[in-house]
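Contents: one structure, followed by commentary.
What follows is calculated from the coordinates using simple rules that are stated; it is not laboratory data. Everything numeric in this text was worked out from a predicted model, so none of it was measured. Heads up, the Cβs are rebuilt from the backbone with ideal geometry, glycines too, and the neighbour counts pull from every protein chain shown.
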Amino acid sequence: MKKKIQKFLRKKGHIFIPGAVLIIVTGFLVGAYFFIATPKEKNVDDVLGSFEDAIKEFYIDYDKLSINPNNHPRPDELLNKIREEEAKLSDEDPDNDRTAYELIAFNSRTLGDEEGAIRGYRASLALFPNNTLILNNIATSYKDLEEYKKAEAAYKKIIELSPGTVTAYRNLADLYLHPELDKKDTIPTIIESGLASVPNDPDLLSYLAVYYKDEKNYSKAIEYYERLIKVNPKNEAAKQDLSILKVLVN
């Protein structure tokens, strides 16, 4: 009888062990598939791309600028300014190149050439990579072209370089309102990270107060309106909104 039982257990063990191995291997393969298939979010530098060759890649599309997509009232004046700045890029003074690229970019954008503006801003960033003002400008151009991932990366880069730049948090939060990014729910986290760097900043407190009011999360809205009024007691509009919200929750 004992031998029969041992034989039975060996048979069961022989059946069970391969099944266990199959389960483990299958689990490993499924996990590996999802690890590989789930796209990792690129870091901001990868999204923005290297500025190293931006000067070589720079050019001015005068044909596009002459069309004047924005219907600027004085296109010839701006075109002349662009030509003047372009001439500085080939003079013997390299110190004026960065400003020349930036002015070409600015005037190109004014005439409606966002791609040209980006080329100019990228060339400027090749010379001075950590210029948060130009990063903000290039973010605006990317946003206007609906290249939201690149705009997001530029705003994040500004925050990385200058955590106290309040406008960068607000601009990034505004960007996350676009359904294409599907990140609206992360807006409170973005603004809270700004408040961690710039405690009790009224613009950031106001942003969250309005955000929660629009989301009909009235208790959170009241919390941030009260914080805002504590920081800025003369904000009559905030006081009025707070009074209305308190009526709604009671």
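Report, in listed order, any pair from 143/213; 156/213; 88/156; 81/156; 183/220; 149/184 with a Cα-Cα distance greater than 21 Å. With Cα atoms farther than 21 Å apart: 143/213; 156/213; 88/156; 81/156. The length gained on full extension between residue 115 and residue 146, counted as 0.36 nm times the residue separation minus their Cα-Cα distance, comes to 10.0 nm.
Potential lengthening of the chain between residue 214 and residue 184 amounts to 9.6 nm, from the contour at 0.36 nm per residue minus the alpha-carbon distance. With a cut-off of 20 Å on the backbone N, the residues of the stretch 177-209 near the modelled label site 7 Å out from residue 162 along Cα-Cβ are 190-205. For the stretch 92-250, a crude dipole built from +1 on the beta carbon of Lys and Arg and -1 on the beta carbon of Asp and Glu, taken about the Cα centre, is about 720 debye to the nearest 20. Note on the stretch 48-129: semi-axes of the ellipsoid equivalent to its C-alpha gyration tensor, largest first and rounded to whole Å, are 21, 15, 9.
Compared with the alpha-carbon gap, the fully stretched path from residue 203 to residue 226 is longer by 6.9 nm at 0.36 nm per residue. Using the Stokes-Einstein relation with a Kirkwood hydrodynamic radius computed over Cα pairs, the translational diffusion coefficient of the stretch 66-201 at 10 °C and a viscosity of 1.306 mPa s comes to 99 µm²/s. With a simple spin-label model that places each label point 7 Å from the Cα along the Cα-to-Cβ direction, the separation between residue 87 and residue 192 comes to 5.7 nm.
Determine, from the Cβ-Cβ distance of residue 239 and residue 67 and an R0 of 45 Å, the FRET efficiency 1/(1 + (r/R0)^6), rounded to the nearest 0.05. Given R0 = 45 Å and the Cβ-Cβ separation, E is 0.35.
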